[in-house]
Amino acid sequence: MIRPASPYRPAQWRNVPFEVWDMEGSFGRSTALHEYPFRDPVWVEDLGRATRKLGLRGYRCGDDVATLELEMIEAAETEGRGLLVHPTLGAMTVSLVDFRSLIRHDLGRVVEFHFLFVEDGGATFPRGGLDGIARMDGLADALT
């Protein structure tokens, strides 16, 4: 007998496991629209991959839902980026943008979580280059 796949998917946020009820994502390209006077077509400039936004609704269940909730709150309030093991996309470095928890008495020993993550590549700043004017001044001084 072939069993249907479970509708629930395992995941982890900062090594705290949970099961996922549903998930959504925002993917695509980041663009800038350039419109010009008296010109009908627009120029769409591709600025690279858009920020990946991941929404997950999951849960944990057990005898002590308050402790299970506190473990996830601690993970959510930890500073900085963290590791998310997404049910379909795998391991990703993300930042948690929004987190909510809900203890569902109608479901028994269950605490529900709502997450909004964004993929986080870390701080990247422009690199310092050579100062062209200072270099030209140095070359001019060398000539004289």
key: Computed label-point distance, nm, for sites ARG52 and TYR36 using a 7 Å Cα→Cβ extension   = 3.6 nm
ask   = Rank LEU139, LEU33 by accessible area, highest first, at a 1.4 Å probe radius?
value = LEU33, LEU139
task = Quickly work out the ARG109-to-ASN15 label distance, labels modelled 7 Å from Cα along the C-beta direction, and quote it in nm with one decimal.
result = 2.4 nm
remark   = Taking r as the C-beta separation of ASP98 and ASP22 and R0 as 22 Å, the FRET efficiency to the nearest 0.05 is 0.90
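Compute the length gained on full extension between LEU143 and VAL118: take 0.36 nm times their separation in residues and subtract their Cα-Cα distance, giving the result in nm to one decimal.
Working: separation 25, 0.36 × 25 = 9.00 nm, distance 5.40 nm.
Result: 3.6 nm gained on full extension.
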ask   = When the chain is modelled as a GNM with alpha-carbon springs shorter than 10 Å, which of ILE73, ILE133, ILE103 fluctuates the most?
value = ILE133
ask   = Mind checking the angle between helix 65-77 and the chain's longest principal axis? C-alpha axes, 0 to 90 degrees, to the nearest 10.
value = 0 degrees
message = If you fit an axis through the alpha-carbon atoms of helix 132-143 and take the longest principal axis of the Cα set of the chain, what angle between them do you get, 0 to 90°, nearest 10?
response = 30 degrees
task = Identify which of PRO17, PRO37, PRO87 has the largest mean-square fluctuation in a Gaussian network model of the chain, with springs joining Cα atoms closer than 10 Å.
result = PRO37
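Scan the chain and hand back the longest stretch that contains none of the GluC sites (Glu not before Pro) lying in DSSP loops with at most 10 other Cβ atoms within 10 Å. Don't jump to the answer; show the numbers that get you there.
On the way: sites that count: GLU35, GLU79.
In the chain, the maximal stretch lacking such sites is 80-144.
Okay, helix-only estimate at 222 nm for the chain: each DSSP H run of n ≥ 4 adds -39500 (n - 2.57), divide by all residues, round to 500 deg cm²/dmol; what do you get? Don't skip to the end; give the middle numbers.
Numbers: 2 runs with 25 residues, N = 144.
Mean residue ellipticity at 222 nm (helix-derived): -5500 deg cm²/dmol.
Using the reciprocal of the averaged 1/r over all distinct C-alpha pairs, how large is the Kirkwood radius of the range 60-139 in Å? Intermediate values should be presented prior to the final figure.
Numbers: mean 1/r = 0.0621 Å⁻¹.
Over the range 60-139, the inverse of the mean reciprocal pair distance is 16.1 Å.
Which of the chymotrypsin sites (Phe, Trp or Tyr not before Pro) found in the range 1-95 are in a DSSP loop and have at most 10 neighbouring Cβ atoms, other than their own, within 10 Å? Don't skip to the answer; put the middle values down first.
Numbers: sites: TYR8, TRP13, PHE18, TRP21, PHE27, PHE38, TRP43, TYR59; in loops: TYR8, PHE27, PHE38.
Counting only loop positions with at most 10 other Cβ atoms within 10 Å, the chymotrypsin sites (Phe, Trp or Tyr not before Pro) in the range 1-95 are PHE38.
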ask   = So what are the radius of gyration and Dmax for the Cα set of the chain, in Å?
value = 24.3, 90
task = May I ask you to compute the full-extension gain from LEU70 to MET136, defined as 0.36 nm times their residue separation minus their alpha-carbon distance, rounded to one decimal in nm?
result = 17.7 nm
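So what is the relative contact order of the chain, in percent, for Cα pairs below 8 Å that sit 6 or more residues apart? Intermediate results must be reported in sequence, preceding the final value.
Values: 231 pairs, mean separation 31.5, N = 144.
It rounds to 22 percent for the chain.
The values are calculated or read from the model by the stated rules, or taken from the named source; none is laboratory data. From a predicted model like this one, the values you see are computed outputs, not experimental measurements. Note: ideal-geometry Cβ built from the backbone for every residue, glycine included; neighbour counts use all protein chains shown. With ligands, DNA and RNA removed, areas are computed over all heavy atoms of the protein, side chains included. Shrake-Rupley method; radii C 1.70, N 1.55, O 1.52, S 1.80 Å.
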